[in-house]
Amino acid sequence: MTRVDTLVNGSAARGRTVLISGASIAGPALAYWLNRYGFMVTVVEKAGTVRDGGYPIDVRGTALDVVRRMGILPRLRDAHIDLRRLTFLDEDGSEVASVDPHAVTGGVAGRDLEVRRGALAGALHEAVRDDVEFLFDDSIDTLDQHRHGVDVTFRRGASRTFDLVLGADGLHSHTRALLFGPEERFHRYLGYCFAGFTLRNTFGLVRETTMWNAPGRAAVLYAVGDDDDVHGFLNFARTEPPFGAFRDPEAQRDLVAEVFDGAGWEVPGMLAALRDADDLFFDVVSQIRMPRWSSGRVALVGDAAYAPSFLTGQGSSLALVGAYMLAGSLAAERDHAAGFAAYERDTRAFVTLNQDQVGKGDAALFPTTARALEQRNTMLRSLGSMPPPAEGRPAHEALVLPEFRLRG
């Protein structure tokens, strides 16, 4: 087939207006491809700018082909963290095993990427910032669909009409709530909560991760380089989501302190750092499972439609692949309804396969019982003597990117 990036001129997409909500990963990737196909794109983002820093994320399998086609793969290679060691500690602080990280995550050394979230977001934004309109410090307030478009009012007061609206605004998507109803309808809680924050690297860690475990609790120190700071994560099992803490940072700090009270190793110092952290990120570990990803002239992509949870390590990869598939499907089909149908038809199996990786990888790293913890430790000890995997998990590259033939 003809290369997709040569088929812009004459596309039926030219002149059609699209509003994308969200400028993290899926949003700017989607904007890039839609712009290449001739759409007139606006991206609205509630934050004041592209968010820098952030915890490390993975780009694997099919998603590597997406960033290669976008021309940003060399930049991401330069930003690759190259984590060299993953050490597990028992409840008393003694070492259980030290393994190659890829043996646990399913990644492939020398091929798959791990970068700071901000590095990927920055590369995506720079690839498209001169070609599309960005509206920072704003968000969608209301949507009103009709035969000829979608009337949108923004939080800051402006009103505009677009041919299409695409929600790329994350796990707790406001676009999804406006279109499909409360998050609870699609939210699949996986039984864990976590708090992430940065703290001073007084531990001598360099390009490595150390994880302490007790039944139902885990504390992680993650050094992405030889920086002065490390990422701290406190993860714990909980039967029901702590709804009362979601909008209250002090309640979040109190809850984490209560759960980890009496824990050993470096946990007391981590709890002290948590109290003073100005970048606390607290959430539940969950997925979004939806029977359909579009309605009328509005569709969802990335975490807004199919968050897989960090237990799969595939959130950013699904966002990148989904953005490519949605944009190409819209450009290749006769109208938006056919484009949305093609996007879902050709992408859903890949998404579901990756969401189903929960329990096959990182989820096993957080046992909730003493018996399960000992079983996991036995498995880790055997991994410590094995070479890193030569191939990744089949789910990561189960979709081969099509070369979209655009309609004139």
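Things to note:
- The share of accessible area on the range 248-354 that comes from carbon and sulfur is 50 percent, using a 1.4 angstrom probe.
- Prolate/oblate/rounded label for the range 71-193 (Cα gyration tensor, a/c 1.5): oblate
- Using C-alpha pairs under 8 Å with a sequence gap of at least 6, the mean separation divided by the residue count of the range 1-153 gives a relative contact order of 30 percent.
- Residue-by-residue Karplus 3J(HN,Hα) for the range 91-102, coefficients 6.51, -1.76, 1.60, Hz, glycine and proline x: 4, 8, x, 6, 6, 8, 6, 10, 10, 5, x, 5
- Amide hydrogen neighbours beyond the local backbone of Leu135, cut-off 5 Å, H modeled: Val43, Val44, Glu45
- Size of charge dipole - the range 118-168 - debye, nearest 20, with Cβ of Lys, Arg +1 and Asp, Glu -1, no other charges: 140
- Top positive-direction residue, dipole computed over the chain with Cβ charges, set Leu178, Gly313, Gly191: Leu178
- Placing unit charges on the Cβ atoms only, positive for Lys and Arg and negative for Asp and Glu, gives the range 259-367 a dipole magnitude near 620 debye about its Cα centre.
- Relative contact order for the chain, counting Cα pairs under 8 Å that sit 6 or more residues apart, in percent: 24
- DSSP bridge pairs, the chain: antiparallel proportion in percent, nearest 5: 70
- Dipole size of the chain about its Cα centre, with +1 on Lys/Arg Cβ and -1 on Asp/Glu Cβ: approximately 1600 debye, rounded to the nearest 20.
- Gain on full extension, evaluated as 0.36 nm per residue between Glu95 and Arg275 minus their Cα-Cα distance, stands at 62.0 nm.
- Probe 1.4 Å, all protein chains present, accessible-area order of Ser24, Ser309, largest first: Ser24, Ser309
- Listed residues His174, His396, His80 arranged by accessible area, highest first, probe 1.4 Å: His174, His80, His396
- Remark on Leu89: its backbone amide H falls under 5 Å from those of Val96, Met211, Trp212, Asn213, a criterion applied only to residues 5 or more positions apart or on other chains, H modelled at 1.01 Å from N.
- The portion of the accessible surface of the range 80-229 made up by carbon and sulfur, rounded to a whole percent, is 42 (1.4 Å probe; DNA, RNA and ligands excluded).
- Taking a ≥ b ≥ c as the square roots of the Cα gyration tensor eigenvalues, the range 27-89 comes out oblate, since a/c reaches at least 1.5 and a/b does not exceed b/c.
- For Arg160 and Leu190, a Förster radius of 35 Å and the Cβ-Cβ distance give a FRET efficiency of 0.40, rounded to the nearest 0.05.
- Rounded to 0.05, the FRET efficiency of the Asp52 and Asp335 pair, given R0 = 45 Å and the Cβ-Cβ distance, is 0.70.
- The range 62-122 and the range 247-314: distance between their alpha carbon centers, rounded to Å: 20
- Couplings for the range 216-228, taken from phi via the Karplus curve 6.51 cos²θ - 1.76 cosθ + 1.60 with θ = phi - 60°, read x, 9, 8, 10, 10, 10, 10, 9, 7, x, 10, 6, 6 Hz in order; Gly and Pro are left as x.
- Per-residue ellipticity at 222 nm from helix content only, as computed over the chain with -39500 (n - 2.57) for each DSSP H run of at least four residues, stands at -9500 deg cm²/dmol.
- For the chain, the per residue solvent-accessible surface stands at 42 Å², with DNA, RNA and ligands left out and a 1.4 Å probe.
- The range 120-184 shape via C-alpha gyration tensor axes, a/c threshold 1.5: oblate
- In sequence order, calculated HN-Hα J values of the range 330-339 (Karplus, 6.51, -1.76, 1.60; Hz; x Gly/Pro): 5, 6, 8, 9, 6, 7, 5, 4, 5, x
- Separation of the Glu374 and Asp82 label points, Cα + 7 Å toward Cβ, nm: 4.1
- Sparse-neighbourhood loop sites, trypsin sites (Lys or Arg not before Pro) in the range 236-267 - DSSP loop, at most 13 other Cβ within 10 angstrom: Arg247
- The label point for Asp227 and the one for Ala398, both projected 7 Å from the Cα toward the Cβ, are 3.3 nm apart.
- Dipole axis of the chain (+1 Lys, Arg; -1 Asp, Glu on Cβ), positive-most option in His125, Ala273, Tyr222: His125
- 20 °C / 1.002 mPa s Stokes-Einstein diffusion coefficient of the chain, Kirkwood radius on C-alpha pairs, µm²/s: 97
The values are calculated or read from the model by the stated rules, or taken from the named source; none is laboratory data. The model shown is predicted, which means the values in this text are computed figures rather than measured ones. Cβ: placed from backbone, ideal geometry, glycine included. Neighbour counts: every protein chain shown. Accessible surface is based on the protein model in full, side chains and every heavy atom, while ligands, DNA and RNA are left aside. Shrake-Rupley method; radii C 1.70, N 1.55, O 1.52, S 1.80 Å.
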